Amino acid sequence: MTDSCAAAASWGDAPVALVTGGSRGIGRAIARTLARDGFGIILTYVSRPEEAERTVEEIRDAGGRARAFALDVGDDAAVEAFFAAEIKDKANLAVLVNNAGITRDGFLIRMKNEDFDRVIDVNLGGAFTCSREAAKIMSKRRAGRIVNITSVVGQMGNAGQANYCAAKAGLIGLTKSNARELAARGITVNAVAPGFIETDMTAKLGEDVVKSYVESIPLRRMGTAEDVAEAVAFLASDKAAYITGQVLAVNGGMYC
């Protein structure tokens, strides 16, 4: 946890949203948007504590409340300890956004087992563990929203990303299964599937690669992190009270 985030936050009965991988990119946009909508924000990060610090300060400067914690969601024991120490009996957990994810790309015939396993552990296993721990808390209040950030490649596949695509496709199955299981407890579970979004990752792509992707998108532009965040905010709101088990594609028509 960064130094300026160390001061204890008094959450009271106010609704709190937990955003994993919330320090930058899509996660930062989600955290800021949910804070705008009145949620206290708890975000997690693995690296770049200065980015987590920046996100927390942006939310606080806008009049919101936020804290940041270092957490590897691929570590089951660490996730369980985090929920026990920082969430249970301390925050009115209303929303969980499973956004944390990593890539370790490589073609199938060259991909190492450890690279496949690590991506599955973080992107899918982390969402499973966080959802399980959140569901325990939300079930007692008979209310809650879980939103999983999957990907267009989890629906259509992508060369060189067998591990990432498998994890993101698995998130869709996890979403639908958990939605059926948790509905009776007043918890909705949905997924958002971003397409080609402007992030630090896509910024490293060459101009020709970006152009080829944009040409495949009917709306003829890349999406923004805010486009994704607004979809998450909708699913986290009362407006989506009768929506569960769904995958909301935010991809400009890239994959219909």
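The values are calculated or read from the model by the stated rules, or taken from the named source; none is laboratory data. Here the structure is a predicted model, which is why all the values come from computation and not from measurement. Cβ atoms come from the backbone with ideal geometry, glycine included; neighbour counts cover every protein chain shown.
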I'm trying to understand the selection: among the residues of the range 231-252, which are touching a residue at least 24 places away in the same chain (Cβ under 8 Å), closer than 22 Å to GLY25 by Cβ and assigned to a helix (DSSP H, G or I)? ALA231, VAL232, ALA233, LEU235, ALA236
Sole residue being of a type in the set (A, V, I, L, M), closer than 23 Å to ALA29 by Cβ and touching a helix residue (DSSP H, G or I) at 6+ places or on another chain (Cβ under 9 Å), chosen from ALA162, ALA191, ALA166: ALA191
Residue hits (the range 206-230; in a helix (DSSP H, G or I), free of Cβ contacts under 8 Å to residues at least 60 places away in the same chain and either surrounded by 12 or more Cβ atoms within 10 Å (Cβ to Cβ) or in contact with a strand residue (DSSP E or B) (Cβ under 9 Å, 6 or more places away or on another chain) (or both)) are VAL210, TYR213, VAL214, ASP227
Is it the case, given these coordinates, that ALA31 is out of contact with any Cys (no Cβ under 8 Å at 6 or more places or on another chain), under 17 Å from ILE146 (Cβ atoms) and not polar (S, T, N, Q)? yes
For the range 143-175, give me the residue count where each residue is among the aliphatic types (A, V, I, L, M), over 15 Å from VAL250 (Cβ atoms) and under 18 Å from the mean Cα position of the chain (by Cα). 5
Scan ALA167, ALA127, ALA100 and give me the residue that is at pLDDT 95 or above, of a type outside the set (Ser, Thr, Tyr), buried (at least 19 other Cβ atoms within 10 Å of the Cβ) and not in a helix (DSSP H, G or I). ALA100
Hey, does the range 155-163 have a residue that's buried (at least 22 other Cβ atoms within 10 Å of the Cβ) and not polar (S, T, N, Q)? no
Checking ASN190 against (1) surrounded by fewer than 20 Cβ atoms within 10 Å (Cβ to Cβ); (2) closer than 16 Å to ARG145 by Cα: exactly one of these is not met. Which one? (1)
